[in-house]
């Protein structure tokens, strides 16, 4: 079981980077105090520069039939290109689901890495949260 110690939207401690999941390169999304917090495995830290080119971060929840998931999340880093960077997460990569009333809202979004053996917030911003009938959705907010 993954352990995350929170102080509101901040992550004080977590054993995520010691898990087999992180060592295998799997991302993890934690939700707390109105914030989506993406935990980056160490081998994926190089994508931070790609994430910073996004004009908007859009998180979509829905079924992902192709992966056998009835509940999944898509994180779209919309840079207004024809092929924006995205991450798809199955249920085992999300610690809790957003509230239904959060759909259509803008919420906090942070990206966490391990720095000097401590969780470190490498990026802060906002994301738009929505639901879709099926993932992958990969659509800008206005589509």
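The values are calculated or read from the model by the stated rules, or taken from the named source; none is laboratory data. Just so it is clear, the structure is predicted and the values come from calculations on it, not from any experiment. Virtual Cβ from ideal backbone geometry, glycine too; neighbours counted across all protein chains shown.
What the table shows:
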| item | result |
| --- | --- |
| Residue among 26, 54 that is on the phi < 0 side of the Ramachandran plot, surrounded by 17 or more Cβ atoms within 10 Å (Cβ to Cβ), assigned to a loop (DSSP other than H, G, I, E, B) and touching a helix residue (DSSP H, G or I) at 6+ places or on another chain (Cβ under 8 Å) | 26 |
| Lone qualifier among 138, 76, 107 - being part of a loop (DSSP other than H, G, I, E, B), modelled with pLDDT of 95 or more and over 19 Å from residue 4 (Cα atoms) | 138 |
| Test for residue 31: is it within 26 Å of residue 102 (Cβ to Cβ), in a strand (DSSP E or B) and touching a strand residue (DSSP E or B) at 6+ places or on another chain (Cβ under 9 Å) | yes |
